[in-house]
1. Just the residues that are of a type in the set (A, V, I, L, M) and within 12 Å of chain A (Cβ to nearest Cβ), please, taken from the stretch B:121-134.
2. Identify, by number, the condition in (1) touching a Ser or Thr at 6+ places or on another chain (Cβ under 6 Å); (2) within 14 Å of another protein chain (Cβ to nearest Cβ) that residue B:64 doesn't meet.
3. Given the options A:15, A:23, name the one that is in a helix (DSSP H, G or I) and touching an Asp or Glu at 6+ places or on another chain (Cβ under 7 Å).
4. Specify which of the listed residues (B:154, B:118) is closer than 22 Å to residue B:78 by Cβ and either more than 12 Å from every other protein chain (Cβ to nearest Cβ) or among the hydrophobic types (A, V, I, L, M, F, W, C) (or both).
5. Does residue B:43 fit the bill of being at negative phi and either touching a helix residue (DSSP H, G or I) at 6+ places or on another chain (Cβ under 7 Å) or crowded, with 16+ Cβ neighbours inside 10 Å (or both)?
Amino acid sequence: MIRSHFLNMVVFSALVAVFFAFLTQNETRDRVRISVIIGGSMVVLSLIVAYVMYPFPLR
Amino acid sequence: MPESPFDQILSPMRPPVSPWMPCLLAWVLPGLGHIYLGKKQTGLVFLAVVLATFALGISSNGTAALIDSRQPLTVLATFDNLAVGPIEAISRFITYRRFVYRLPEDETDPQQAELNEKVRQRIRSVTYEYGNTFLLTAGLMNMLLILDAFDIAKGRKD
């Protein structure tokens, strides 16, 4: 069991990224590129959304 | 761009494959449909990814969904759980200690109280939401794999 929120997010992003890379691409080079783009985007966008949501709910 | 008849004549002949067999195999074990279609490496990666997602879901105290007539979305969640194939029974047995798919409608039924209590025990875990997300994602991944195997068998995709 992974108890760290961040580690859960990174592992989830990595699994989804590898899955879609293999589903949509046939060449190894393209698969690596798409994995990095999808996985990186998921982690970075999640952190951005987390910071934007930080002040909410307003009290 | 659609293939012209000339392209179809020049393209290598693909042996006829029933699209239903790879779909069935993909449901039985994630990635098996791709292995059957000759994509061994891709199929093994899919198997590893879906099984890892499913295993993380179980270890994070995710629960198998039950169909509850008062909550229509539980039908979709249960269908999604089933999409991962027969291994879904593992998560169901770990959650409820038996193979149950529907919550009894009668609120006085002691079975309903017992099933709800088993879910409550897992909800108390801090990783419950992550577990559910991993379990549901494993089912969604396998649905895409089944559709992908169908497309490959039909010759719509390489």
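Quick note: the coordinates plus some simple rules give every number you see, no bench work behind them. Keep in mind that this is a model prediction, so the values were computed, not measured. Note that each Cβ is placed from the backbone with ideal geometry, even for glycine, and that neighbours are counted across all protein chains shown.
1. Hit for the stretch B:121-134 is B:126, nothing else.
2. Single failed check for residue B:64: (2).
3. A:23
4. B:118 is the lone residue from the list that is closer than 22 Å to residue B:78 by Cβ and either more than 12 Å from every other protein chain (Cβ to nearest Cβ) or among the hydrophobic types (A, V, I, L, M, F, W, C) (or both).
5. yes
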